[in-house]
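What follows is a set of notes on a single structure, which appears directly below.
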Amino acid sequence: MELSPLWISLKTALAATVIAFILGITAAKAMSSYRGRLKSVLDGFFILPLVLPPTVLGFLLLVLFGRHGPLGQLLALLGTTVIFSWSATVIAAAVVAFPLMYRTALGAFEQVDPDLLDAARTMGVPEITIFARITVPLAWPGIVAGTILAFARALGEFGATLMLAGNIPGRTQTIPLAIFFLVESGQRARAAVWVLVIITISLAAITGLQYWKNRQGLTLARIKEG
Amino acid sequence: MNLSVQIKKKFPGFQLDVSFNAPAGMLGLLGPSGSGKSMTLRCIAGLQKPDKGRISIGEQVLFDSEQGINLPPQWRKIGFLFQNYALFPHLTVTGNIAMGLRGLQEKEQKKIIRETLALVKLEALAKRYPHQLSGGQQQRVALARALAPRPRVLLLDEPFSALDNHLRGEMEQVLASLLSTFPGTAVFVTHKLDEAYRLCPELLVLENGRVNAVGPREAIFNNPPNLAAARMMGCQNLSKIRLHSDGTVEALDWGCLLHFPAERIKAEAGHVGIYGNHIRLGGKNDKINLMDCQVLEVTESPHHVTIKVKSVNGTWDNQGCITIDWPKEKWGQLCLPKDQLLKLSLPPERLFLTWD
């Protein structure tokens, strides 16, 4: 059996998670201190990929990255294109994974008592250090949860990937795409194998997260008991 | 070094307009909740930006709306003690204190941490986490943490409000002894008169975002300049007055004529007041400032008795009531027969006049 969908899926999901992690945390950090009028509009914009149908995202990404799209033309100037390439699978997966990372991180940041940050400020601690040494450690469980959710979502991405990256075996064919085309061509047994594979990976990620959370809770409880 | 504050800040339905000068030493900021005490502290620390005004420590300007100066809290060197301590829950006691010493070399850091922990007598708990400490211990860590970076000004926002009563007295002493060696200005915010009076030689009374009274505690307590300050000082007995040309004062709510030392008459004063514990039982030799009163209600506390009375000539509303605080023994010895009037004497030297 051709294993390339597995490697492509894992590579894509990992790369997309890294991108969603960096952008999601940055956006969440910016939004947690932003008090402007556009807050709810921006928040809605960041959440949008979560609620839009993947085909709509795929369409919008095609418009952006297509030959006549603004980003497509920019990339053409650099002598490259992303459509129907492995990068396209990463972009599509990152876009759908981003809202989960952003929203979970924002929720976690907002849970941090603002007095703690103010206390650090009056002690002369620079903002960047406050973020790294106080906000992030205290929001860590939320950040980990967001990362795993983002990874699972990136792994399962289908619609936008198909539209932006196509179904090129060995290059852009991820497990979800392989399943779809195997079923379409009547090879249900082979599709079932991939189904099992993706269930296993997703389940491992989610239960791993639960296990880690429970252990964190236990350590905390142990510390509390003294 | 002198802390000088003149700030204005507008909120929906509330305006903060506070100015004062505080030399080194302890200043008590006293006011009911919602009077703008905490907001004033936050403005001084740089955690909130006033709309207008100026804040300076000695020669250094921290905030000046006209010159466009607004130093971030990190540069102000102002220690802040939060109501709920705001200890970093994921760091040990040492980690909490070290957070404010990050610019220093490790050796220097360790030395300061050791010194500060010794100061608050917490050496044994250096490796504990905040949730492993009692309320009083957490408070001491918060204090150590605020003092470690050697601030020029220390702001304390209702530091005892989260403590049990018996811990409060203990922490008050810890604070008093620590601050006796603190070289700068300490501003202590509270809504409790007792706390402020015990700890702070200088008081500032805030009401509704404005400064109502400022000065040495005895002066404000013995002679509150206005009604709000008198109430904040715990004076329950205040009556509207009419000043007579012969120097007597007619207490309208109490329905009696009061003699008053001429030098303490204030022009255009609107009220006369007396503290409940300054009211005496009228004796045979008393000729002036006597009042026949009917006892309405007696409430016993562990150490004293609160007697609510009404002057027979006074008005029949709340203002007409007089509240007396007497030690329990005194009330016990009195054995007042039921329905008999109580003859009270309001000593002239204990009465004060206030503006409205």
For segment B:130-189, what Kirkwood radius comes out of the mean inverse Cα-Cα distance, in Å? 12.0
Towards the positive end of the charge dipole of segment B:29-112, with charges on Cβ (+1 Lys, Arg; -1 Asp, Glu), say which of B:88, B:50, B:38 has the farthest Cα. B:88
Determine the per residue accessible area of chain A with all protein chains present and a 1.4 angstrom probe, expressed in square angstrom. 53
Among the lysines, which fall within straight-line cross-link reach of residue B:266, defined as a Cα-Cα distance under 25 Å, with same-chain neighbours fewer than 8 residues apart omitted? B:240, B:287
Between residue B:294 and residue B:66, what is 0.36 nm times their sequence separation minus the Cα-Cα distance? Round to one decimal in nm. 76.1 nm
May I ask for the accessible area buried between chains B and A, both sides summed, probe 1.4 Å, to the nearest 100 Å²? 1900
For segment A:121-194 and segment A:1-24, what is the separation of their C-alpha centers, rounded to whole Å? 7
Please tell me the relative contact order of segment B:155-223 in percent, rounded to the nearest whole number, where contacts are Cα pairs under 8 Å and at least six residues apart. 25
Compute the distance from the alpha-carbon center of segment A:29-67 to that of segment B:182-251, in whole Å. 57
Per residue, what accessible area does chain B have, given a 1.4 Å probe and all protein chains present, in Å²? 48
Enumerate the aspartates and glutamates that residue A:39 could reach by cross-link, defined here as Cα to Cα under 18 Å, with residues fewer than 8 away along the same chain left out. A:110
If you take the Cα Rg of chain A and divide it by 2.2 N^0.38 Å, with N the number of residues, what do you get? 1.17
Please report the carbon-and-sulfur percent of the accessible area for chain B; probe 1.4 Å, protein heavy atoms only, DNA, RNA and ligands left out. 50
Whole-percent carbon and sulfur contribution to the accessible surface of segment A:50-200 (1.4 Å, no ligands, DNA or RNA) stands at 70
Residue pairs, from the table B:77/B:192; B:192/B:330; B:77/B:127; B:9/B:37; B:310/B:330, whose Cα atoms sit over 22 Å apart: B:77/B:192; B:192/B:330; B:77/B:127
Protection proxy ranking of B:247-257, B:38-48 - average other beta-carbon atoms within 10 Å, highest first: B:38-48, B:247-257
How about segment B:37-83: which of its residues lose at least 40 Å² of accessible area in the presence of all protein chains relative to their chain isolated, using a 1.4 Å probe? B:47, B:74, B:82
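The values are calculated or read from the model by the stated rules, or taken from the named source; none is laboratory data. Remember, it's a predicted structure, so these values are computed and weren't measured experimentally. Quick reminder, even Gly has a Cβ in these numbers, built from the backbone with ideal geometry, and neighbours come from all protein chains shown. Each accessible area value is taken on the protein alone, full model and side chains, heavy atoms only, with ligands, DNA and RNA left out. Shrake-Rupley method; radii C 1.70, N 1.55, O 1.52, S 1.80 Å.
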